[in-house]
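J.: Provided herewith is a single structure, encoded as structure tokens, for subsequent inquiry.
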Amino acid sequence: MEDDDRQFVIEIATENHTHLAAQIAATMEESAATRGTGIGKRSPETIAAHMLAGNALVALHTDGRWAGFCYMNTFDNGAFVSNSGLIVAPDFRDHGLAKKLKQALFELCRKKYPEAHIIGITTSVAVMKINTELGFYPTVFSEMPRDEKFWKGCELCVNHDILKRTGRKFCLCTAMRYDVKPEKIS
């Protein structure tokens, strides 16, 4: 059931939000353990760095509690920008907040990097559905960045061995991509 939009404030994370980094990292790790797949671990330092760079969004409930988080990263000299680290605090799941965060991050990516392909990888059916609604399409891993920094994020995932064993061709994740100027297939 969707909450009234006024119950959450989504804003670009700043230094004022870095005190939330440990809680966000712990929630990501707990979610990954519960699901048994997917979410790669992120350290509080990594989360704080995304906040300080202005490349993260934080959602706060109107009562002041942390409710959600996500961030972006650029790869291949800005040709790609990823949507990553989407997490909603357990008390606020099933309220439509993940969709609101993804939409806000998508808009921020388009504003900051208007020429970049927007990408993401996920095992979550809910995230795949949200991405599809935003115009993403499933794609093969060979259409993901070549940048080693992109693949480094997969190393902390429980499924990394699959990706490594297949030479980055297959995984349990689905690669998704949004093209600013879709290529015409002839």
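J.: Based only on Cα atoms, what Rg/Rh ratio does segment 5-178 have, Rh being taken as Kirkwood's radius?
T.: Taking Rg over the Kirkwood Rh, I get 0.93.
J.: For the Cα atoms of the chain, what angle does the longest principal axis make with the long axis of helix 97-112, in degrees from 0 to 90, nearest 10?
T.: Here the helix axis deviates by roughly 60 degrees.
J.: Can you find, among G85, M144, F69, the residue farthest towards the positive end of the dipole of the chain? Put +1 on the C-beta of Lys and Arg, -1 on that of Asp and Glu.
T.: The residue sitting most towards the positive pole is M144.
J.: Give the angle, between 0 and 90 degrees and rounded to the nearest 10, that separates the Cα long axis of helix 21-35 from the longest principal axis of the Cα atoms of the chain.
T.: For 21-35 against the chain, the angle is about 60 degrees.
J.: I've got another one for you. In debye, nearest 20, what is the charge dipole magnitude of the chain about its Cα centre with +1 on Lys and Arg Cβ and -1 on Asp and Glu Cβ, if you could check?
T.: Working: 23 positive and 23 negative charges, 130 e Å.
That gives the chain a dipole magnitude of about 620 debye.
J.: Among L134, A98, L20, flag the residue with its Cα farthest along the positive direction of the charge dipole of the chain, charges on Cβ as +1 for Lys/Arg and -1 for Asp/Glu.
T.: L134
J.: If I take every Cα pair under 8 Å that is 6 or more residues apart in segment 14-130, average their sequence separation and divide by the length, what percent do I get for the relative contact order?
T.: Taking the mean separation of contacting Cα pairs over the length of segment 14-130, I get 21 percent.
J.: Please give the FRET efficiency for T14 paired with K149, using the beta carbon to beta carbon distance and R0 = 22 Å, rounded to the nearest 0.05.
T.: Once the sixth-power term is evaluated, E becomes 0.40.
J.: What FRET efficiency would be calculated for the residue pair A126, A22, taking the C-beta separation as r and a Förster radius of 22 Å, to the nearest 0.05?
T.: Given R0 = 22 Å and the Cβ-Cβ separation, E is 0.30.
J.: Please check which bits of segment 111-146 a label hung off Q103 would reach, taking the label as a point 7 Å along Cα-to-C-beta and the cut-off as backbone N under 18 Å.
T.: Only 111, 126-136 fall inside the zone, counting backbone N under 18 Å.
Rule-based calculations on the coordinates, nothing more; no lab input. Keep in mind it's a predicted model, so treat the numbers as computed, not measured. Here Cβ is always computed from backbone atoms with ideal geometry, including for glycine, and neighbour counts include all displayed protein chains.
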